[in-house]
Every structure is written in structure tokens, then in C-alpha cells.
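Step one of this worksheet: look at the structure below.
The values are calculated or read from the model by the stated rules, or taken from the named source; none is laboratory data. Quantities reported herein were computed from a predicted structural model and do not represent experimental measurements. Methodologically, a virtual Cβ is constructed for each residue, glycine included, from the backbone with ideal geometry; neighbour enumeration extends over all protein chains shown.
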């Protein structure tokens, strides 16, 4: 059977809700499954409560054509058909839909809660449901002689966010790792509905605090799409510069942490400091090491005068030179390389099926990067070359980060030299009512996807945030299959995923 | 090996001279202690309070900012028609009492005072902390982590983040304390042997941050454990955290000064 057509838009654009084809849920499921099998990938798959009841929305990315395919279906019953067996990349989206709206994903192989949150339904339906704590429900268990279980978290040994990891082991060998999250759930999406209001931008700046620019830029692009007015060139350039500084800081930190995990201390020590030097460049720009206050609907909250741009450029070159010498030591150490290579393998086929994004996907040979595939703002005119590797191991995930750092450095350098004239920020007009807008911003972990649905007054009826970690936690679980339990810290660092970005 | 030594030489010794030497230079755009000029407030104006995302500002009976709730976003200064609020560059913000975080013109600024003598004898030269993120967004966590890098090196002061509450003298809490983390925070606190201290780092851990009032969170660490030091910021600058820790341990000469 041929799949029914879906509407097509570009990322960073809005479409009237009425223009999105409304299909029976079985037909939407077929269209989504067929599209995924045909090479598209889900960037958002979620439900929204409207006046006419619940509605299921699919947003699929067609990377080669730089398009997004959209479809929707009414959900009149208390269940919807699960596609997780056919399209594993949808498995967590379906669990999320089921949890957020008290539905059943029919035929889902593992219908466990995602965050242990009460449903996004009006009271008293929400409060009537008792919610267990994460990790308290039944977890997957391997039975057999000499099989043992190792539980870690939610409170970990390092300075890190909480999550629970349950390993099914035979000696040192890991059969299966189950990752249970939700400890960080702060009610972000519930609070975003009805906005925008004075807290909206702060919710998104703290959705994942290490990705402040990535999420705030995605939000700005969604709002600008709804208002039908892109950010002025100068504002877009400043946001792009901040986005790449965020990538430089985090990739440096990750490479240092990986070196630390294999006890290669020179790179670990130097990178710990250099990461802070990159954060200080963001502070030079906007006063905050994490880019708070910079990305705003309508452009950038801070401008960059000539002298500051020069300070930024010289600081960038100095810091990058330090990073280069610190990181090249790592590649030159055979014992460190030996530990990274062939550890935590995620084959290309698996990465594709799980729908991985960001450096984790590119390290498994998937050539996907929203800056090139779905460019918005400055990236439309000044593409950043995409870095990939093909071994799918911890080494590849480290190597891709270093390749990306070099390209980010060149990009920021060039953009600082050619800052467009004009205002950094303009006022944003009213939102289009009854519309849907999507933004995809390639943050340092991968694409941050924001989808806004507006009501008749242009307010957010539903605001969906998909952090790249939402796609990638399954990749980490996979990387541990058949590995040794002592590989876990190394694999974990090589993904370095967000807990709060997942838990929202 | 030669390359390693060459790199080591080129990277140089980069640990801060502070507190023996000057503190690190901060960006001129850094937002530290606010400076209020209520005499400039137009009659009946509430623009600053209306712009504040976390209800950190009151205008009655006098203009005041609660740094415990403040995200340092400066929306208030942008909204003020009269320039009555300015954001200064002083990073010293930590306080021992929650009410000491209220800033008003003419009100004495009470920086964090040191622990009492007995506690200082125990912790003054060796303070081991277990970090618990209870809904933190990884910004506070990241800048707490920075303190252990060679640039800041809090090991110099005998302060260390340890892997187990059983090894710790106290907790350093970040995040608004989510409903899903409250039990884990309480258990971690109970696992620390007394006497013990708790340090709340960041707007979320002090008062809930942007999530204040959400049914999913408990509006800060004090909801669940007794707090001995509050470090404001979203996130606090590492220097703000270090300043608070050193004052708590009585390791800054000017422990109880006011500005």
C-alpha cells in the first residue's frame, strides 16, 4: 500500500495547522513507518490536547531534501498503535506519548514510563494517577546461574546529574544495560504551554544548561517563524558564534574527561582549564559563561562592538592553540588510543535504526548535521563542513569532536571578521494563530528540536522540546552490549548526554 | 615523551594566584551584586517587578531584590525607565542566612560569616563534600566541577568533592529538588555522618529558580535538608562559589566585612 502524503515545510518555518493533513491514526502510523523505512527520521513525535480532543503529531526530517514532513491524526480512543518494532527510533517517543497523556501504545515491546511524571492532562485526571519514583518499577532482568545485577545511581560518584543504570552481568561482561531517568523532571513542557511569558526563555535556557545557546536559539527560531520575520543578519551571526563557542567549550571538556577516564592526565588537566577559557569567551560576549541572555527571539540580547570582537578573536586563537596542543597529545599516546579504540561499538546500521544524532551519529558514519541539512540563520550562507568517522567506537566519538572543534574555530574566526551590519535585535511581531512551527538547531550534542503549536490567540497550545539526548540514550545502552562493566564510564563520557534535557 | 614535556612547558603553571594574589578578571558584562537607586523610582512604577521572571523584586515598602530568587538576567534593569537598577561586577554574593540575600539600598550587606570555632576546627583545613544534583541543569554542576580543575584547584584549601556521602563532611546541592529526587537527596544527607553541613549552589537550590512554584519541584534544598550556605547565581560564577566556601571556612582575611 502506498503511504498517504504528508505536508512538507522547511525547518525554521511555520504552517497553519489546517494545512497539515489529518489522517486516521492507522494511516498516519503507516505513513510514518513507511517514511522512516524510506530514510526519513523522526525529529518529533508527540501528542497535544486540543479543543477537539487529543491529536498525534509526526515531524520527520528528510535530510537530503532539507525538508520536514508533517502529519497529524486525532486520537479518539485511549490507545494508539505502536511502531516501535518496525521503527525502533520511535520507541521512546511512543513511551513518552503514552506517559504524557495516559494512553496505551499498543504492541510496544517495553511500555515503561519515561520520566515518572504525571500526565499533561487537566486536573483531576493528572493528579488521580499515582506516579512511582524512577527505577522503582520492575526493570528488565536476565535470569540464570552466575548472572548478577549491578545498580548505579541516581546519586553518582562524580559531579553529575542523577540517573539510574541497571546492568545485567555475567562476570565483567554486560548482557544488558537499562537506563532509567526522570529524576530531573521539572515540569518544563507543562509550564511552557500557555506562553510565551516572562519565564519562557529562562525555561529554555535551563532545559539543558550546558546547551543554553542551542535551546534558546531553537526557541528564538520557532518564535521568529511564527512571527514570519527571521532575526536580523547581525543577531543571527552573534547567535551562530555563541553556538560554536558552546560547542568548543563542551567538546574540549569531553575530550579532557575521556582522557581522564583512561588516566591520561596531561590532556585531562589541560582541557579542564581550557574548557573554562572557552566559557570565558562566552562571558566576554554576554557576561555569562553559559551564554545566558544572548540568544533571544528577534536576534541577540548583546551586540559586539569592534574592540570586543578583537578581544574575542585573540582570546579564541590563544585558547584554541592551547586546546590543539593539549588534545594532540592524546592522539599521540598509543596506550590511551588502545583503550579508546573498539570500545563501545555502535555500528552504522544500529545508529541509523535508533535514530542517533550529533557527534554520536556522525562517529558511526551517519552523515547528518542540522547546520548543513536544515540550515537556518547564518548557516544558510556559511555552511560548516560536516565531520564524520566510521568506526562507531569511543575513539570515533572523540575524534569527531576534535574535527568539529577545528571547523568551529575557523567558522567563528571568519564570522567575527565579517560581522554583518545592522541591528543585533529587533522586536518580534505577533505569533500566527492556529499554526505549527519547527526549529532544528545543531547544538554540540546534536539537533535540538523545538515544535510549537499555537492556539487561536497565537499562544503556545503545546510546546515540544526534543533534546538530542532523547535520541541518544538508547545508543549508550547499546554501546554497553557485550562490553565490560568497566567500559561504562568511558562509553558514558563518549556520549556525555543530558539528564535534564531528557527529563525536561 | 619529549612532546609531552614541551606541551607541559608551553601550557605553563595556570593555577590562580587568588586568594593570595588578585582574583581573575571578569568580563565587563558580568552581572554581580546589584546596585539600587530607589530615589530614582517614578511614583507607583512597578516595571522592574513586572519584568522579573522569578518574582525576585519587590517595590514596597522599598525597592529590594532577593538574590536567592534572582537569575541575574537583568530584565529588570532593561525595563526600568529611570536607571534605578544597575548590575555591578562584585562577585561576592554568598550568605549564611536566607534573609541576607535581600538587597536594598542602605541595607547592610552581610557576606557569609565563618562557621563556629568547633566546626572550623573540624572542617577548616579539610572539607569533603558530596555533590547532589536534584534537578540542576548542569550549569551549576559544571561550574562546581571547574573548581576542581587545575585553574581553580580547591584542593589547595583542603576542599574536595568525594564519591560517597560516607566519606563526606557535607553536601553541595544543586537544582530545585525535584519530586523525583527528594527521597535520594534525603537519603544521601542521612548517609553523611554528623556534624555535617549543606551548601546550596544556584538559584534553583536556593529558591527553585525558574521552576519556583512548579508542583514538580520543592523550591530548593532547604525544603528537604538544613542549609548552611547559600550561593546565588544562575549559575554562580566559580569565583562566587569559591568566595562563599572560603568565607565559610574562615579562610578569607576579611571574613565579616560589609560593603
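The table below lists the values:
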quantity	calculated
Residue A:145 over 30 Å from residue B:143 (Cα atoms), modelled with pLDDT under 95 and in contact with a helix residue (DSSP H, G or I) (Cβ under 9 Å, 6 or more places away or on another chain)	no
Residue in region A:220-235 that is more than 23 Å from the chain's Cα centre (by Cα) and without any contact (Cβ under 8 Å) to a residue 40 or more places away in the chain present	no
Residue match in region B:186-202 (condition: part of a loop (DSSP other than H, G, I, E, B) and closer than 16 Å to residue B:140 by Cβ)	yes
Residue match in region B:175-191 (condition: more than 11 Å from chain A (Cβ to nearest Cβ), within 29 Å of residue A:279 (Cβ to Cβ) and either surrounded by fewer than 24 Cβ atoms within 10 Å (Cβ to Cβ) or modelled with pLDDT of 95 or more (or both))	no
Residue that is nearest to residue A:461 (Cα to Cα) [pool: residues in region A:167-186 that are under 23 Å from the mean Cα position of the chain (by Cα) and more than 11 Å from chain B (Cβ to nearest Cβ)]	A:179
Odd one out for residue B:11 among (1) more than 10 Å from chain A (Cβ to nearest Cβ); (2) without any contact (Cβ under 8 Å) to a residue 60 or more places away in the chain; (3) under 22 Å from residue B:149 (Cβ atoms)	(1)
Wholly within region B:54-148, helices (runs of 4 or more DSSP H) carrying at least 2 residues that are within 9 Å of chain A (Cβ to nearest Cβ), under 19 Å from the mean Cα position of the chain (by Cα) and touching a residue at least 12 places away in the same chain (Cβ under 8 Å)	B:139-145
Residue satisfying condition, being closer than 22 Å to residue A:472 by Cβ, touching a strand residue (DSSP E or B) at 6+ places or on another chain (Cβ under 8 Å) and within 14 Å of another protein chain (Cβ to nearest Cβ), within set A:117, A:100, A:89	A:100
Region A:187-199, subset touching a residue at least 24 places away in the same chain (Cβ under 8 Å) and more than 7 Å from every other protein chain (Cβ to nearest Cβ), residue nearest to residue A:462 (Cα to Cα)	A:193
Qualifying positions in region A:261-296 - buried (at least 22 other Cβ atoms within 10 Å of the Cβ), more than 7 Å from chain B (Cβ to nearest Cβ) and at positive phi	A:291
Single match in A:372, A:401 (criterion: closer than 21 Å to residue A:60 by Cα and either assigned to a helix (DSSP H, G or I) or touching a strand residue (DSSP E or B) at 6+ places or on another chain (Cβ under 8 Å) (or both))	A:372
Test: residue in region B:217-239 that is within 8 Å of chain A (Cβ to nearest Cβ) and either more than 29 Å from residue B:22 (Cα to Cα) or free of Cβ contacts under 8 Å to residues at least 24 places away in the same chain (or both)	yes
